[in-house]
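Worksheet for the structure shown next.
The values are calculated or read from the model by the stated rules, or taken from the named source; none is laboratory data. Remember, predicted model here, so these are calculated numbers, not experimental data. With ideal geometry, Cβ positions are generated from the backbone for all residues, glycine too; neighbour counts draw on all protein chains shown. Remember, those area values only see protein heavy atoms, side chains included, never the ligands or the DNA or RNA. Shrake-Rupley method; radii C 1.70, N 1.55, O 1.52, S 1.80 Å.
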Amino acid sequence: MEENITGFVGLDAHAESTVIGLAEAGRAAPRYVGKASAKVPEIKRALSKLGEPASLLIVYEAGPCGYGLARELRAAGYRCEVIAPSKIPKKSGIGSRPIGAMH
């Protein structure tokens, strides 16, 4: 990981809205930041309140929203990765949840 990352941002991107969560570098618990529309300018406006683009690492799950958001964020200087749901580690067992799931 690069040393100048100050925040790790998770996006829950849907067709109508995007939920934003932030885990600041270190051991602080992640926190809910807010909700934005699915429009890229509004998402970028919300992200701009979290820090400089180069200081954030953004991830969201691949899905029907596609890779357009990642391309737009990268063009604006953000580090953005799209994560495949099948690659998210899960605990074994019936009804297992992703590791680190809050519920």
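Here are some notes:
- Leading residue by the ranking (farthest from Ala54 (Cα to Cα)) among those in the range 3-20 that are open to solvent by 20 Å² or more (accessible area, probe 1.4 Å) and free of Cβ contacts under 8 Å to residues at least 40 places away in the same chain: Glu16
- Of all residues in the range 53-66, none are outside any strand (DSSP E or B), open to solvent by less than 30 Å² (accessible area, probe 1.4 Å), touching a helix residue (DSSP H, G or I) at 6+ places or on another chain (Cβ under 7 Å) and touching a residue at least 40 places away in the same chain (Cβ under 8 Å).
- In the range 1-44, the residues that are more than 20 Å from Ala75 (Cβ to Cβ), out of contact with any Phe, Trp or Tyr (no Cβ under 9 Å at 6 or more places or on another chain) and in a strand (DSSP E or B): Phe8, Ser17, Arg31, Tyr32, Val33, Gly34, Lys35
- Filter pass, Glu42 being at pLDDT 95 or above, open to solvent by 30 Å² or more (accessible area, probe 1.4 Å) and touching a strand residue (DSSP E or B) at 6+ places or on another chain (Cβ under 9 Å): yes
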